[in-house]
Amino acid sequence: MQLRCFDPNCATTLDLHAPALECPKCGELLEVEVAPNDVDAASLKALWTARRTSRDPRDISGVWRYREFLPAYPAEEIVTLGEGNTPLVRGLRTAEYAGLRDLQFKHLGWNPTGCFKDLGMTAGMTEAKHVGARIVACASTGNTAASLAAYAARAGVAGRVYLPQGQVSLNKLAQALDFGAEVVEVEGSFDDALNTLLAKTNEGIYFLNSINPFRIEGQKTTMFELMDQLNWQAPDYLVVPGGNLGNSAAFAKAFDELLRYGFLTRAPRIVVVQAAGANPFAQMWQSGAATLTPVAEPETIATAIRIGNPRSWKKSLKGVKATGGQILDVTDEEIAEAKAVIGRDGIGCEPASAATLAGLHKLRASGAIDRDASVVAILTGHVLKDTNFIIRTHQKESNAHS
Ligand SMILES: *Cc1c(COP(=O)(O)O)cnc(C)c1O
């Protein structure tokens, strides 16, 4: 395995553990080039299923269980909190709301810190520890901070998080504090926080933002676990909210590998849903533009996807195109309404996650998705990630009724 520049025209390669976040030649993002030898898909599928009954911490982890497709580390170096192993929950009222017969949710909010970022963080933190990092840091809209803080604590490494001042849910901030991270508040948006962090290249900090290719590797395994749960039969659609677009990029990479190595014959269409106030990717798709124009002042109640300049858009776009998917946006009102329906299904999620159901509702209303299509929607964060949002919504409702 090695690192490779994501731009196929450049294709510069680096040592797997080289301390670089972007291509030293052209500045494009890097990715881990996976090239396992002698892959026999049928026997690996059986091995992965068998590992579910194992007591090895690597097998208990829903990420490291699939380690044949991840960078290799000695077992004792792996930093894990038993992440992954999230269920598929069938939609009831939500399916009715969307007008779909076959809707399931994969709830990544049921991870150790309540969000899918743990799946990337176990891989990123393991790499950080492997290369001897003393300080790890990220910019975050909250969830990456909570996750980094937890995994840094496990690894015995100092964690530092850069947050946009006043724009982070208190629940997420509380997690970061509880896990002992140093919190740096930056004036401006998430994009400003990320730029502040990225300027600190010579302070011996190991960067754990989603542009870190190891995080993408960990998040990639979400699709390995999902396909395992679906007995390797792909649904017609896979719907995911898009912020910085690391997660959809990771899913794209997963399907590329699963097809290439014969685990699947067909991938689901990847549908990325953004919030209307932070929608540069959806705008680009609708206008047919060749490059992404950032949104200067992103604004949405779904703070986890309040990002104006998503870094992984090229990786994500490649997956949307390769699978025949699409990109759309939904308003804050649509997100809030969909979130309430997910709650009434007994599932619950944070606002950003509800963009999936809102997007499905919109696609069904326009006839873009068939009623009989099989759909898996990715819920990204736990219902308790933004309690203030819920309380405010219900106070408004009860005021309206009194
Ligand atoms: C990080 C996050 C997202 C956005 O994921 P990207 O990889 O940045 O596109 C969506 N929902 C929640 C809850 C998140 O924490």
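The values are calculated or read from the model by the stated rules, or taken from the named source; none is laboratory data. Every value quoted in this text rests on a predicted model; they were computed, and no experiment measured them. Positions of Cβ are backbone-derived with ideal geometry, glycine not excepted, and every protein chain shown enters the neighbour counts. Accessible surface is based on the protein model in full, side chains and every heavy atom, while ligands, DNA and RNA are left aside. Shrake-Rupley method; radii C 1.70, N 1.55, O 1.52, S 1.80 Å.
The table below lists the values:
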quantity: Hits in segment 35-63 (condition: touching a residue at least 60 places away in the same chain (Cβ under 8 Å) and closer than 30 Å to C349 by Cα); calculated: W48, T49, S61, G62, V63
quantity: Enumeration of residues in segment 344-369 that are within 15 Å of T387 (Cα to Cα) and away from the ligand (no atom under 15 Å from the Cβ); calculated: none
quantity: Candidates S140, S147, S169, filtered to the one that is under 14 Å from the mean Cα position of the chain (by Cα) and at pLDDT below 95; calculated: S140
quantity: Helices (runs of 4 or more DSSP H) wholly inside segment 268-384 that include at least 2 residues being acidic (D, E), at pLDDT 95 or above and open to solvent by 10 Å² or more (accessible area, probe 1.4 Å); calculated: 332-344
quantity: All positions within segment 363-399 that are in contact with a helix residue (DSSP H, G or I) (Cβ under 9 Å, 6 or more places away or on another chain), acidic (D, E) and more than 18 Å from L92 (Cα to Cα); calculated: D386
quantity: Some residue of segment 27-49 being of a type in the set (F, W, Y), crowded, with 16+ Cβ neighbours inside 10 Å and assigned by TED's automatic domain parsing to the domain that holds Q219; calculated: no
quantity: Segments classed as strands (runs of 3 or more DSSP E), wholly inside segment 135-250, with at least 2 members that are within 14 Å of the ligand (Cβ to nearest atom) and either open to solvent by less than 20 Å² (accessible area, probe 1.4 Å) or not hydrophobic (A, V, I, L, M, F, W, C) (or both); calculated: 135-139, 158-164, 237-241
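Residue by residue, here is whether (1) within 16 Å of the ligand (Cβ to nearest atom); (2) open to solvent by 20 Å² or more (accessible area, probe 1.4 Å); (3) at pLDDT below 95; (4) under 17 Å from the mean Cα position of the chain (by Cα) holds:
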position: F69; (1), (2), (3), (4): no, no, no, no
position: A72; (1), (2), (3), (4): no, yes, no, no
position: E83; (1), (2), (3), (4): yes, no, no, yes
position: E96; (1), (2), (3), (4): no, yes, no, no
position: D102; (1), (2), (3), (4): no, yes, no, no
position: G120; (1), (2), (3), (4): yes, no, no, yes
